[in-house]
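J.: Once you've had a glance at the structure underneath, I'll fire off some questions.
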Amino acid sequence: MQPFTFFISYRRQDTAPIALLLKNEIEKRIQFVRVAVDVEELQPGETFPDRLRALIDGSHATLALIGRHWMPRRDASAAAPPDSDWVVNELEYAKTSALALPEAQRFALPGRLVIPVFVDCERDFRPFHVPPSIAYIEQLHAERIDYAGWPSAIGPLLDRIAVRLSLKKRPDADEYPQPDIAKARTQPLPDAELAQILRYDDYEGWYVDNYGVATVRYLVKTFKFRHFDQAADFMNLVSNHCRILDHHPEWRNVFNQVTVSLTTWDAQRRITIYDLSLALYMNMAAKAVAKNA
């Protein structure tokens, strides 16, 4: 399935830093999207207008970045931009060309959207000479962001865009359920005691990692099976046990391997008896799955 694709239109001498920052933030914060940034997408030897039209054809929405030098300003007595102006051509094409994508890839859009975003200037089209071919843009609701307010403004801006387009935001961080009071009172095991316990054969393959955060501890192990079906059987067996134990792993499955990280988030993401119990069960479950294959 094709991701939701944005095309960012901008003038290099005006809003280039924001264009590249915006691309990175959109792809980092919103799920299943791709962002094409105007001439940044061009490869050596490509035909300039043809490539830009192809990028727009493949996009669902165009973000038009409007800086102080977006179009000639009226207060400078400058003439309107010529018809050959490439930013004018982009925005005219973005509006007039059909959203020629299969129905299943249109994200329920009747046509391509154009969203003006004023960058480091007032949210007002009146200071600019706006050519008649793109006069439609003056009737569109515009967003605004500036360099000084970027850290605090980028999140709300992308929230509004995501809501407008029914796109899902990526979670800012892992989300955990409310801490269980009983588990929160469980004492984490000191590192020395953990090291001693993990020497026992019953805990073969498990080790302690903090993933670069000094205050947390995880029990970690990668289980390797003969094929995916065994890995799936293992995860199903462990899942049923977790419902009874009311303690859950952080894990990742790639084909025949399952990498597991165990911690008690109720106890500030430290290792407790709950993790040791689940690790012990996982080792037994893995052996049972391998034996029944």
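The values are calculated or read from the model by the stated rules, or taken from the named source; none is laboratory data. Bear in mind that the values here come from a model prediction, so they are computed numbers and not experimental data. Don't worry about glycine lacking a Cβ; one is built from the backbone with ideal geometry, like all the others, and counts go over all protein chains shown.
J.: If I filter segment 64-74 for residues that are loosely packed, with under 12 Cβ neighbours inside 10 Å, within 25 Å of the chain's Cα centre (by Cα) and not in a helix (DSSP H, G or I), do I get at least one hit? Write out each step before concluding.
T.: Narrowing segment 64-74 to residues loosely packed, with under 12 Cβ neighbours inside 10 Å: none.
The answer is no; no qualifying residue exists.
J.: I would also like to ask the following. How about segment 157-209: which of its residues are in a loop (DSSP other than H, G, I, E, B) and within 30 Å of Phe107 (Cβ to Cβ)?
T.: Kept after step one, since they are in a loop (DSSP other than H, G, I, E, B), are these residues of segment 157-209: 165-168, 170-180, 185-190, 198-200, 204-206.
Within segment 157-209, Leu165, Ser166, Leu167, Lys168, Arg170, Pro171, Asp172, Ala173, Asp174, Glu175 qualify.
J.: Restricting to segment 1-24, count the residues that are more than 24 Å from Ala108 (Cβ to Cβ) and among the β-branched types (Val, Ile, Thr).
T.: 2
J.: Going through segment 127-138 one residue at a time, which ones are touching a helix residue (DSSP H, G or I) at 6+ places or on another chain (Cβ under 9 Å) and either modelled with pLDDT of 95 or more or of a type in the set (Val, Ile, Thr) (or both)?
T.: So the first thing to find is which residues in segment 127-138 are touching a helix residue (DSSP H, G or I) at 6+ places or on another chain (Cβ under 9 Å), and the list is 127-131, 133-134, 136-137.
Within segment 127-138, Val130, Ile134, Tyr136, Ile137 qualify.
J.: Hey, can you tell me all the residues within segment 239-276 that are loosely packed, with under 15 Cβ neighbours inside 10 Å, among the polar types (S, T, N, Q) and over 16 Å from Gly205 (Cβ atoms)?
T.: Matches in segment 239-276: Ser239, Asn240, Gln268.
J.: Please name all residue pairs, on different chains or six or more residues apart, with Cβ atoms under 6 Å, provided the first residue is in segment 39-62 and is free of Cβ contacts under 8 Å to residues at least 12 places away in the same chain and the second residue is surrounded by 13 or more Cβ atoms within 10 Å (Cβ to Cβ) and part of a helix (DSSP H, G or I).
T.: From segment 39-62, the pairs are Leu42/Arg51.
The rows are residues; the columns are (1) modelled with pLDDT under 95; (2) of a type in the set (Val, Ile, Thr); (3) closer than 20 Å to Phe125 by Cβ.
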{"site": "Val35", "(1), (2), (3)": "yes, yes, no"}
{"site": "Glu46", "(1), (2), (3)": "yes, no, no"}
{"site": "Ala64", "(1), (2), (3)": "no, no, yes"}
{"site": "Arg74", "(1), (2), (3)": "yes, no, yes"}
{"site": "Pro81", "(1), (2), (3)": "yes, no, yes"}
{"site": "Trp86", "(1), (2), (3)": "yes, no, yes"}
{"site": "Leu99", "(1), (2), (3)": "yes, no, no"}
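J.: If you scan segment 195-243, which residues turn out to be β-branched (Val, Ile, Thr) and over 16 Å from Val258 (Cα atoms)? Please lay out each step first, then the result.
T.: Keep residues of segment 195-243 that are β-branched (Val, Ile, Thr), which gives 197, 208, 213, 215-216, 220, 222, 238.
Result: Ile197, Val208, Val213, Thr215, Val216.
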